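Only one structure is covered here, and it is reproduced in the block below.
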There are 2 protein chains.
Amino acid sequence: MNIRYPNGKVFQSTANTSSKNKAPVLYGNRGMTLEDDLHETNLYYLHHQIAVVHKKPTPIQIVDVHYPKRSAAVIKEAYFKQASTTDFNGVYKGKYIDFEAKETKNKTSFPLQNFHEHQIQHMQQVVKQNGICFVILLFRVFNEVYLLPAERLFYYWERKEAGERKSITKQEVEKDGYLIPIGFQPRIDYIKIIDSVYC
Amino acid sequence: MNIRYPNGKVFQSTANTSSKNKAPVLYGNRGMTLEDDLHETNLYYLHHQIAVVHKKPTPIQIVDVHYPKRSAAVIKEAYFKQASTTDFNGVYKGKYIDFEAKETKNKTSFPLQNFHEHQIQHMQQVVKQNGICFVILLFRVFNEVYLLPAERLFYYWERKEAGERKSITKQEVEKDGYLIPIGFQPRIDYIKIIDSVYC
């Protein structure tokens, strides 16, 4: 029988791990998503006063709201809107950081269709303002997470716009990006990479 | 007869303004809100590559979504959530900026009930990370907009927590804050204040 957390997620016991060096949790083996892990990572940063980074709420177009007496307003009709920025932003040592996180099941390349034109535009605006801007890419099959600076993403985006390949090869991600080791706390320690690359 | 914009707002003609120095647009006289003006200001900053600042979407708790065939997903039941951060953040010359904007019709003081405990906490976290953090306060009756650094807000918040007055007097806002002149483009040029106060 599966034991479940209150949110419905299956509890994965790690009590029988015999090795002293615990094996990293694998994306293939569990219900966790990249977004969950980044949420946990950002909470860790917040509680340890390392950085203040939040995921932006999903933008919603509200069409109809009811106001029942003696209870909270209920949204009765609404639609998902396309986000005009990236999902995550915040502050680290006074500096602005901004990123988007995406994953692929692809083994050989990261498809650029994961990004939207206006997100690229937003990242270009951030880079012009000297913000620290990047994407976090998960290759789910290999359990590998990379930080790729926005400037390199722009290069591959322009290559796509020029009619060439519509993805970044895994070799290119390995060459231009930085592997973020998956850990326990924090799970995806991207600030460590920022420290070595940008600071 | 009132002439209206497509969005329903009444058009206020300024053609018969005789004075060379046009009178500033008054909050009392028009449908514009502080939020509209900050939106226009942020668009101006964005287009002129002065800063990249966006308002965060309102957080919504989605309960029920329908997926009709051949059309967009419809949210059928959702509720407004309390925001856990401030409304605006972004980047200016590499630096993180973060603020909340509030208004009052009160003539003598700014009520602190406009802010929530978790917003104050968020601002404290930002200040600890050396982010530029402040509030923009509109006294609607006087048509006056002030930038008040978060550190000063904390002082008055703690005074309230200590059981003393539940507002900041207008004199205190004048003393600790910076009057932002209301202009045409940009409407509320808070970056100019940041330049002189923080940079």
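The values are calculated or read from the model by the stated rules, or taken from the named source; none is laboratory data. Just so it is clear, the model here is predicted, and its values are computed rather than measured. Virtual Cβ from ideal backbone geometry, glycine too; neighbours counted across all protein chains shown.
Please tell me if B:Ile132 is touching a residue at least 12 places away in the same chain (Cβ under 8 Å), buried (at least 21 other Cβ atoms within 10 Å of the Cβ) and within 19 Å of B:Ile191 (Cβ to Cβ).
It is true that B:Ile132 is touching a residue at least 12 places away in the same chain (Cβ under 8 Å), buried (at least 21 other Cβ atoms within 10 Å of the Cβ) and within 19 Å of B:Ile191 (Cβ to Cβ).
Checking each residue in region A:172-199 for being of a type in the set (A, V, I, L, M, F, W, C) and either under 17 Å from A:Val126 (Cβ atoms) or at pLDDT below 95 (or both) picks out A:Ile182, A:Phe184, A:Ile194, A:Val197, A:Cys199.
Does B:Gln119 satisfy the criteria of being over 17 Å from B:Ala101 (Cα atoms), polar (S, T, N, Q) and surrounded by 14 or more Cβ atoms within 10 Å (Cβ to Cβ)? Considered against the rule, which asks whether it is over 17 Å from B:Ala101 (Cα atoms), polar (S, T, N, Q) and surrounded by 14 or more Cβ atoms within 10 Å (Cβ to Cβ), B:Gln119 comes out as no.
Filtered by the rule that a residue be within 10 Å of another protein chain (Cβ to nearest Cβ) and either within 22 Å of A:Lys170 (Cβ to Cβ) or not in a loop (DSSP other than H, G, I, E, B) (or both), region A:130-151 gives A:Ile132, A:Cys133.
If you take the residues of region B:84-98 that are assigned to a loop (DSSP other than H, G, I, E, B) and touching a residue at least 24 places away in the same chain (Cβ under 8 Å), which of them is surrounded by the fewest Cβ atoms within 10 Å (Cβ to Cβ)? Ranking the candidates gives B:Ser84 first. For region A:99-116, filtering for residues that are surrounded by 21 or more Cβ atoms within 10 Å (Cβ to Cβ) and either in a helix (DSSP H, G or I) or in contact (Cβ under 8 Å) with a residue 40 or more places away in the chain (or both) leaves 3. Total residues in region A:41-54 satisfying the condition of being crowded, with 16+ Cβ neighbours inside 10 Å and either without any contact (Cβ under 8 Å) to a residue 60 or more places away in the chain or more than 10 Å from every other protein chain (Cβ to nearest Cβ) (or both): the figure is 7. Within region A:76-96, being within 22 Å of B:Ile132 (Cα to Cα), touching a strand residue (DSSP E or B) at 6+ places or on another chain (Cβ under 8 Å) and facing chain B (nearest Cβ under 8 Å) holds for A:Thr85, A:Asn89, A:Gly90, A:Val91, A:Tyr92, A:Gly94, A:Lys95, A:Tyr96.
Residue-level check: of (1) of a type in the set (Val, Ile, Thr); (2) under 20 Å from B:Tyr190 (Cβ atoms); (3) in contact with a Lys or Arg (Cβ under 7 Å, 6 or more places away or on another chain), B:Val53 misses just (3). Before we move on, is B:Gly183 crowded, with 16+ Cβ neighbours inside 10 Å and either touching a helix residue (DSSP H, G or I) at 6+ places or on another chain (Cβ under 7 Å) or under 28 Å from B:Asp36 (Cβ atoms) (or both)? So B:Gly183 fails the test.
Yes or no: region B:118-129 includes at least one residue that is within 19 Å of the chain's Cα centre (by Cα), of a type outside the set (A, V, I, L, M, F, W, C) and not in a helix (DSSP H, G or I).
no
Give A:Phe154, A:Phe115, A:Phe134 a once-over and let me know the one that is under 24 Å from B:Val52 (Cβ atoms) and in contact with a Pro (Cβ under 6 Å, 6 or more places away or on another chain). Only one candidate qualifies: A:Phe134. For region A:59-75, the candidate set comprises residues that are part of a strand (DSSP E or B) and more than 7 Å from every other protein chain (Cβ to nearest Cβ); within that set, the residue that is nearest to B:Cys199 (Cα to Cα) is A:Gln61. Scanning region A:151-171 for residues that are under 22 Å from A:Val127 (Cβ atoms) and touching a residue at least 40 places away in the same chain (Cβ under 8 Å) yields A:Tyr156, A:Trp157, A:Lys160, A:Ser167, A:Ile168. Checking the structure you have, find out if any residue of region B:100-112 is among the small types (Gly, Ala, Ser), within 14 Å of another protein chain (Cβ to nearest Cβ) and within 22 Å of B:Ala51 (Cα to Cα). No.
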